[in-house]
Amino acid sequence: MVERTALQTETFNYTYEMFLHSIEILTSRLKGKYYNGIYVIPRGGLMIGLFLSHRLRLPIINQITNNTLIIDDICDTGNTLIKYPNNDKAVLVTKVTGAINVNKLNYDITCKDNEWVKFFWEV
């Protein structure tokens with residue numbers, strides 16, 4: 001689990017309405033591309049993975065191939081997603097540094113590196 005650092009001095013509140021908008025944006029960007037399925041990064045990618053699985057009519061799978069779409073909630077530094085250089089990736093939010101470090105990244109919102117993103121499902 002990622003924890004807030006001293007460098008993250010601002011909070012970006014990601015609402016349910018933003019989530020629905022991001023799902024629409026990502027669906028339109030990814031529709032029509034060939035994927036054998038969706039791999040969700042455990043925990044963070046579950047919510048977005050479920051929605052995109054239904055929207056794109058793709059199964060959630062456990063075995064990653066070059067044609068698997070990788071899903072997570074946020075691309076912070078990019079360290080998680082750079083492990084999959086050949087795959088398309090989709091996140092709701094990326095930080096500036098994450099967007100620079102990760103290729104084939106699809107996202108809706110960019111926030112500053114010093115912002116802590118608080119998703120509506122976090123209690």
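The figures follow:
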quantity: Nearby lysines by direct alpha-carbon distance to Lys31 (threshold 27 angstrom, same-chain neighbours under 8 apart not counted); calculated: Lys83, Lys89, Lys95, Lys104
quantity: Residues whose placed amide H lies under 5 Å from that of Phe12, excluding near-sequence neighbours; calculated: Trp116, Val117, Lys118
quantity: Phi to ³J(HN,Hα) by Karplus 6.51 cos²θ - 1.76 cosθ + 1.60 over segment 80-85, Hz, x for Gly, Pro; calculated: 6, 7, 5, 5, 10, x
quantity: Whole-Hz couplings from phi, Karplus 6.51/-1.76/1.60, listed for segment 39-55; x for Gly and Pro; calculated: 10, 9, 5, x, 6, x, x, 4, 5, 5, x, 5, 5, 5, 4, 5, 5
quantity: Helical contribution to [θ] at 222 nm, DSSP H n ≥ 4, -39,500 (n - 2.57), averaged over the chain, rounded to 500; calculated: -8000 deg cm²/dmol
quantity: Of Gly49, Gly78, Gly32, the one that fluctuates the most in a GNM where the chain has Cα springs shorter than 10 Å; calculated: Gly32
quantity: For segment 15-123, size of Cβ-based charge dipole, Lys and Arg +1, Asp and Glu -1, in debye; calculated: 380
quantity: For the chain, alpha-carbon Rg and Dmax in angstrom; calculated: 13.7, 42
quantity: Options Tyr34, His54, Ala90, ranked by Cα towards positive dipole end of the chain, top entry (Cβ charges); calculated: Tyr34
quantity: Dipole axis of the chain (+1 Lys, Arg; -1 Asp, Glu on Cβ), positive-most option in Ser22, Leu69, Asn106; calculated: Leu69
quantity: Sequence-distant residues sharing a close amide H with Gly37 (under 5 Å, placed H); calculated: Leu69
quantity: Degrees, to the nearest 10: 16-30 long Cα axis against longest axis of the chain; calculated: 40
quantity: Within straight-line cross-link reach of Lys33, aspartates and glutamates at Cα separation under 12 Å, skipping those fewer than 8 residues along the same chain; calculated: Asp88
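Every read-out reported here was derived from the displayed coordinates using simple, explicitly stated rules and does not represent laboratory data. This is a predicted model, so every value here is computed, not measured. Glycine gets a Cβ as well: all are built from the backbone with ideal geometry, and neighbour counts include every protein chain shown.
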